[in-house]
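The values are calculated or read from the model by the stated rules, or taken from the named source; none is laboratory data. In this text the structure is predicted, and so the values were computed from the model without any measurement. All Cβ positions, even for glycine, are placed from backbone atoms using ideal geometry, and neighbour counts span all protein chains on display. Areas reflect the complete protein model, heavy atoms only, side chains present, ligands, DNA and RNA absent. Shrake-Rupley method; radii C 1.70, N 1.55, O 1.52, S 1.80 Å.
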Amino acid sequence: QVQLVESGGGLVQPGGSTRLSCAASGSTGRIYVMGWYRQANGNQREVVATITKGGVTNYSDSVKGRFTISRDNAKNTVYLQMNSLKPEDTSVYYCRHLGGGNDYWGQGTQVTVSS
């Protein structure tokens, strides 16, 4: 089992920045892909960014150039640096870990972009 604990987020002004963290504990040895997803009220959960154990990244078009995903394998932590935030980035952000046939999700953290 893997436990994921997210932190960061909160209220941010448009154009501002914030960083999300997701710390994993437990049996993390088989985790291969980590990712950030988001779900706004009434919408489907969508992928924001993913990163493999080897560091290969992918981003949704809506965040490309503004968000950066990174990981610290020694700390079993994945980060999402969010810059140039827009009101439409307002959502609950979820961390997801995949590997060894398992699929783990964090509890979600709210990011609200508003003046």
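Taking the stretch 52-70 as the search range and keeping residues that are of a type in the set (D, E, K, R) and open to solvent by 50 Å² or more (accessible area, probe 1.4 Å), which one is farthest from Asp89 (Cα to Cα)? By that ranking, first place goes to Lys53. Checking each residue in the stretch 1-29 for being open to solvent by less than 40 Å² (accessible area, probe 1.4 Å) and charged (D, E, K, R) picks out only Glu6.
Residues in the stretch 30-51 that are open to solvent by 60 Å² or more (accessible area, probe 1.4 Å) and of a type in the set (Gly, Ala, Ser): Gly42 alone.
Among the residues of the stretch 43-70, those identified as in a strand (DSSP E or B) and not β-branched (Val, Ile, Thr) are Glu46, Ala49, Asn58, Tyr59, Phe67, Ser70. Within the stretch 42-70, residues that are farther than 18 Å from Leu20 by Cβ sit with their Cβ atoms under 7 Å from residues that are outside any loop (DSSP other than H, G, I, E, B) and modelled with pLDDT under 95, at 6+ positions apart or across chains, in these pairs: Thr52/Val33.
Within the stretch 63-82, the set of residues being among the polar types (S, T, N, Q), closer than 19 Å to Gly8 by Cβ and more than 12 Å from the chain's Cα centre (by Cα) comprises Asn76 only. The set of residues in the stretch 71-115 being open to solvent by less than 60 Å² (accessible area, probe 1.4 Å), among the hydrophobic types (A, V, I, L, M, F, W, C) and assigned to a strand (DSSP E or B) consists of Val78, Leu80, Met82, Val92, Cys95, Leu98, Val111, Val113.
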